[in-house]
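Here is the structure we will look at.
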Amino acid sequence: MIISEDTQKMLRLLSQVILADGHIYKTEMDALIKGVQDLGLLDEAGNALTPHDITKWFNGYLETLNIKWSKTPKDVELTRLILTLAEWPNKQSVVDTLEKISLADNEFHAKEKTLISIVKTYWQYDGLDAPGSKIEMEP
């Protein structure tokens with residue numbers, strides 16, 4: 001299974017809400033899997049990502065985070081990630097999925113709420129689907 005870079009970016013964004021409070025709960029993983037399937041994320045061959053694919057990707061992502069050392073501050077990396085996804089279709093569904101994942105442990109932590117607020121802000125959430133509403137990025 002090969003997952004495109006754009007899909008991996010979305011998976012990383014969705015995963016951030018799980019990682020925000022420092023705990024990974026099974027209910028959050030279940031919500032991530034459901035959210036990925038509801039968003040219709042596919043592998044490069046056009047196949048729907050299975051629960052096994054998503055779990056395997058997430059575990060690999062955790063390993064990468066544990067061994068990756070970056071000079072770039074985490075908030076800068078997160079900002080770049082959010083901005084690269086600014087043209088994602090149906091952003092409302094993504095925001096809804098982030099909220100569902102964050103509530104899966106029956107708590108809405110301040111860090112999760114902040115993350116979702118940042119996504120909405122960078123995606124110019126007010127008037128989100130209005131024609132021409134997009135973030136212009138410098139090359």
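Of the helices (runs of 4 or more DSSP H) contained entirely in the stretch 1-102, those carrying at least 1 residues that are in contact with a strand residue (DSSP E or B) (Cβ under 8 Å, 6 or more places away or on another chain) fall at 5-19, 26-39.
Among the residues making up the stretch 103-127, those that are in a loop (DSSP other than H, G, I, E, B), under 18 Å from D21 (Cβ atoms) and acidic (D, E) are D105, E107.
The rows are residues; the columns are (1) loosely packed, with under 12 Cβ neighbours inside 10 Å; (2) among the basic types (K, R).
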{"position": "L14", "(1), (2)": "no, no"}
{"position": "I18", "(1), (2)": "no, no"}
{"position": "I24", "(1), (2)": "no, no"}
{"position": "T27", "(1), (2)": "no, no"}
{"position": "L32", "(1), (2)": "no, no"}
{"position": "N59", "(1), (2)": "yes, no"}
{"position": "K68", "(1), (2)": "yes, yes"}
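When you scan the stretch 68-82, do you find a residue that is over 25 Å from Y122 (Cα atoms) and under 14 Å from the mean Cα position of the chain (by Cα), even just one? Taking every residue of the stretch 68-82 in turn, none turns out to be over 25 Å from Y122 (Cα atoms) and under 14 Å from the mean Cα position of the chain (by Cα).
All of the numbers you see were taken from the coordinates with simple rules; none came from a lab. A quick note: this is a predicted structure, and the numbers were derived from the prediction, not measured. We place every Cβ from the backbone using ideal geometry, glycine too, and count neighbours over all the protein chains shown.
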